[in-house]
Structures are given as structure tokens and as C-alpha cells.
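Report on the structure given below.
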Amino acid sequence: MKEKLEQIQQQFDDKIKEADSINSIDALRVAYLGKKGELTSVLRGMGALSAEERPVIGQLANVVRNHIEEQIASKTSEIKAIETQKKLASQAIDVTMPSGFQRQGTLHPINVVADEMKDLFIGMGYTVADGPEVEFDYYNFEALNIPDSHPARDTQDTFYIIDNMLLRSQTSSVQVRVMENTKPPIKIICPGKVYRADNVDATHSPIFHQIEGLVVDKGVTMGDLKGTLEVFAKHMFGENTKIRLRPHHFPFTEPSAEVDVSCWTCGGKGCKMCKGEGWIEVLGCGMVHPDVLRRCNIDPEVYSGFAFGIGVERTAMARFGITDMRHLFEGDMRFLSQF
Ligand code: DAH
């Protein structure tokens, strides 16, 4: 039996030398240590041995088994290491090799200024509200004091989907949606796309962007509006910027104003940028009309509010000295890569 054990070890040693994969090692494990393996069947025969022989053979069998187990373990890690090496070699990347040229994208100028405005207003405690671009006539016009026959509809003609549904012509539609669902105090901005039946030229586009602002609370005044717009103007156009409120008419605010900022190119003296005016118009604003509040179940005797609508393209053009709005929509990389 002793010879048999030595023979098993010898045989195993020969075979493990040739093993070159995890699978072939597994096969050896089964063949030698498995239930029906070589070593196991020898151990089964030990019952037939004499009482003196048994411990001797038993000890030798243990030595052989330990030897086989150790060999299997060390060969397994050897093969794993080789396989890892092979894998690494096959996946090697030469980091010094020139790569395929990838053009790095940049934010679109519209997004640059829109993000800046959002950051500014969020910093002043406003939250960002959202509303649909496909809007009901009610929110875009009716609820804002612009009934069916109102002349203000002419300047904001848009694409109608069905009779009472259209592509919104102003983000002011979101004012009513927010006021219907929120009790004052309200302090929101709403950035978004708007649509109008305008022909494309250097200062018009049938799709453009606005940022709407709305504040409703007890005791909100025109002074608060002016202060807010001053902060906005200085932030966007520079510390020395002045603003000027010109009386205007919007059906949903009373009083209403258009706001000019002093020209950032000439500082107000008059130049090509401001067409000699010294001022550039950037937004419309006013105190929310009592009828609009009432329609949203907000009591105008208790609450007041201000609202404003900023043109994003106009602001971007002003900020970057862009003279033709079409550049903002044509997607020409020579233009876009400058931002
Ligand atoms: N919605 C107006 C427009 O598109 C801009 C505007 C004016 C918005 C006055 C306002 C506002 O919120 O109070 O011309």
C-alpha cells in the first residue's frame, strides 16, 4: 500500500507539471481527491490493514494528500497570475499614442446667460417654476387680461394647435399656473421657450427664450421691483450700469414699464451699439394687475405683486456683442466655438 501511495504521488506530480489551465487542475483535483479519486479509494482499503500498519499508512496518506492539496493551490495561483498577465497584455493601452481628435463642446451663449440669470435669482431666494410650451389660450392670454378681441394678440400671434390651444407666446402664462396652485408668498422665475409668428431677421426669431419673474406677497411695491431689476442689471451688465423705467402698457400689469439699461459699450453717451440712444431695452415689467390676482383667488386687497419678463437672446446679444440674432440659431461651429 505504501508503494501504491508513492506511485499516486509520483503520477500526480507528473501530471500537475503539465497542467496549463484552471480546468485541467480541477480535473486533477477530482481525479485524485474526489469521492471516486485515486487517493480516496486507497484510503477505503485501509480497513484490511493490520493494527500496526494502519497508523503508518494513515500518516503517509495524509502526507500525500497534503502534498497534492498544496501543489494544486500553488499551481492554481501560478496559472491565475499567468492568465492575468495575458489579459493585461491583450488589453494594453498605449497612452502615448495620438488619439482621434475630439472637439470639446461648450455651452451655447443662450444657456450661458440663462444659467447666470437663474443663479442670480436663485441666490435672491427665487425658485424655478416650469410650464408647458403647448399652452391653453386661457393661460397665455385670457387670464392675463387679453381677451379674444384684444389688440395685444396681434403682436403675439402664434401657432394654434386647436382653437383653444397654442404654442405659448410668452412665459407670463406660467404666472397664472403658479398663482392658481400656490398661496403667497410666491417668488419664482420661469425660464423657457416661447413662439411667435415673426419672420426671421437680425433681431427677430419665431422661437426665442424668456425668463419670467413673479413675486407676490403682502406689501410688495414698485420700489421692490426696481431694486430687484437694478441688482439684475448690475450683475449682468456691470457694476456701473444704470436702469431706466419707461411707462408702458401690458394688459396684465398696472402700472407697467419697459426697462432700459445704460449702454455697456459707451456708458450712456451714445454709440453704434445703442444706436446713439445711450440706453438699451431689455425687459418688460409691472405690478401684477388686480384682476389677474383675483382670477387666481388671491385677494388684491391683501396681496400685491410684481412681474417681469426678460428676453434671453437680447441679453445674450448685449452681453457678447452679437449683432445678428440668427447666429444664435444657425449652429455654425465657427460662431459657437467662441463661447
Ligand atoms: N410677456 C411680456 C412679453 O413677452 C413681457 C412681460 C412684461 C412680462 C411685463 C411680465 C411683465 O411679467 O410684467 O412681451
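Taking the range 237-250 as the region of interest, how many residues are within 30 Å of residue 293 (Cα to Cα) and outside any strand (DSSP E or B)?
Applying the first criterion (within 30 Å of residue 293 (Cα to Cα)) to the range 237-250 yields 243-250.
From what's left, outside any strand (DSSP E or B): 249-250.
Number of matching residues: 2.
Among the residues of the range 88-111, what is the count of those that are surrounded by 12 or more Cβ atoms within 10 Å (Cβ to Cβ) and part of a loop (DSSP other than H, G, I, E, B)? Before the answer, list the steps.
Going residue by residue through the range 88-111, those that are surrounded by 12 or more Cβ atoms within 10 Å (Cβ to Cβ) are 106-111.
When the remaining residues are screened for being part of a loop (DSSP other than H, G, I, E, B), the result is 106-108.
Selection size over the range 88-111: 3.
If the requirement is being in a loop (DSSP other than H, G, I, E, B) and exposed (fewer than 12 other Cβ atoms within 10 Å of the Cβ), which of these qualifies: 17, 35? First the steps, then the outcome.
Numbers: 17 fails: in a loop (DSSP other than H, G, I, E, B).
Only one candidate passes the filter, namely 35.
Taking residue 257 and the conditions (1) surrounded by 15 or more Cβ atoms within 10 Å (Cβ to Cβ); (2) in a helix (DSSP H, G or I); (3) not acidic (Asp, Glu), which numbered condition does it fall short on, given that it satisfies the others?
Every condition holds for residue 257 apart from (2).
Could you check residue 194 against (1) under 30 Å from residue 160 (Cβ atoms); (2) open to solvent by 20 Å² or more (accessible area, probe 1.4 Å); (3) within 12 Å of the ligand (Cβ to nearest atom) and say which number it fails?
(2)
Within the range 268-284, does at least one residue satisfy the condition of being under 30 Å from residue 153 (Cα atoms) and touching a residue at least 40 places away in the same chain (Cβ under 8 Å)? Working first, answer last.
Of all residues in the range 268-284, those under 30 Å from residue 153 (Cα atoms) come to 274-275, 277, 279-284.
Then keep just the ones that are touching a residue at least 40 places away in the same chain (Cβ under 8 Å); that gives 282-283.
Yes.
Suppose we keep only residues that are closer than 19 Å to residue 257 by Cβ and of a type outside the set (A, V, I, L, M) within the range 301-333. Which one would you say is nearest to the ligand (Cβ to nearest atom)? It would help to see each step written out before you state the result.
Of the range 301-333, the ones closer than 19 Å to residue 257 by Cβ are 304-311, 314-315, 318.
Right, trim to of a type outside the set (A, V, I, L, M) and you get 304-306, 308-309, 311, 314-315.
On the way: 304: 13, 305: 9, 306: 7, 308: 5, 309: 3, 311: 8, 314: 11, 315: 13 Å.
If we take residues in the range 301-333 being closer than 19 Å to residue 257 by Cβ and of a type outside the set (A, V, I, L, M), then 309 is nearest to the ligand (Cβ to nearest atom).
Could you say whether any residue in the range 118-134 is crowded, with 21+ Cβ neighbours inside 10 Å and free of Cβ contacts under 8 Å to residues at least 60 places away in the same chain?
No: zero hits.
Taking residue 336 as the residue in question, decide whether it is surrounded by 15 or more Cβ atoms within 10 Å (Cβ to Cβ), away from the ligand (no atom under 16 Å from the Cβ) and in contact (Cβ under 8 Å) with a residue 60 or more places away in the chain.
Numbers: surrounded by 15 or more Cβ atoms within 10 Å (Cβ to Cβ): yes; away from the ligand (no atom under 16 Å from the Cβ): yes; in contact (Cβ under 8 Å) with a residue 60 or more places away in the chain: yes.
For residue 336, the condition - surrounded by 15 or more Cβ atoms within 10 Å (Cβ to Cβ), away from the ligand (no atom under 16 Å from the Cβ) and in contact (Cβ under 8 Å) with a residue 60 or more places away in the chain - is met.
If the requirement is being over 28 Å from residue 138 (Cβ atoms), over 32 Å from the mean Cα position of the chain (by Cα) and of a type in the set (Asp, Glu), which of these qualifies: 230, 239, 258, 277? Quick ask: steps written out before the conclusion?
Details: 230 fails: over 32 Å from the mean Cα position of the chain (by Cα); 239 fails: over 32 Å from the mean Cα position of the chain (by Cα); 258 fails: over 28 Å from residue 138 (Cβ atoms).
Answer to the selection: 277.
Since residue 202 meets every condition but one in (1) within 14 Å of the ligand (Cβ to nearest atom); (2) open to solvent by less than 60 Å² (accessible area, probe 1.4 Å), which condition does it not meet?
(1)
Out of the range 165-188, which residues are polar (S, T, N, Q) and more than 13 Å from the ligand (Cβ to nearest atom)? Talk me through it step by step, then tell me what you get.
Residues of the range 165-188 polar (S, T, N, Q): 169-173, 175, 181-182.
Once the filter is applied, which keeps residues that are polar (S, T, N, Q) and more than 13 Å from the ligand (Cβ to nearest atom), the range 165-188 yields 181, 182.
Quick test of your reading of the structure: residue 48 fulfils all but one of (1) under 28 Å from residue 85 (Cβ atoms); (2) open to solvent by 90 Å² or more (accessible area, probe 1.4 Å). Name the failing condition by number.
(1)
So, restricting to helices (runs of 4 or more DSSP H) that lie completely within the range 279-339, which ones have at least 2 residues that are aliphatic (A, V, I, L, M)? Can you show your working first?
Working: elements: 290-295, 312-320, 327-330, 333-336.
Once the helices (runs of 4 or more DSSP H) in the range 279-339 are filtered for at least 2 residues that are aliphatic (A, V, I, L, M), what remains is 290-295, 312-320, 333-336.
The values are calculated or read from the model by the stated rules, or taken from the named source; none is laboratory data. These numbers come from a predicted model, not from an experiment. As a convention, Cβ positions derive from the backbone with ideal geometry for all residues, glycine included, and neighbour counts pool all protein chains shown. Accessible surface is based on the protein model in full, side chains and every heavy atom, while ligands, DNA and RNA are left aside. Shrake-Rupley method; radii C 1.70, N 1.55, O 1.52, S 1.80 Å.
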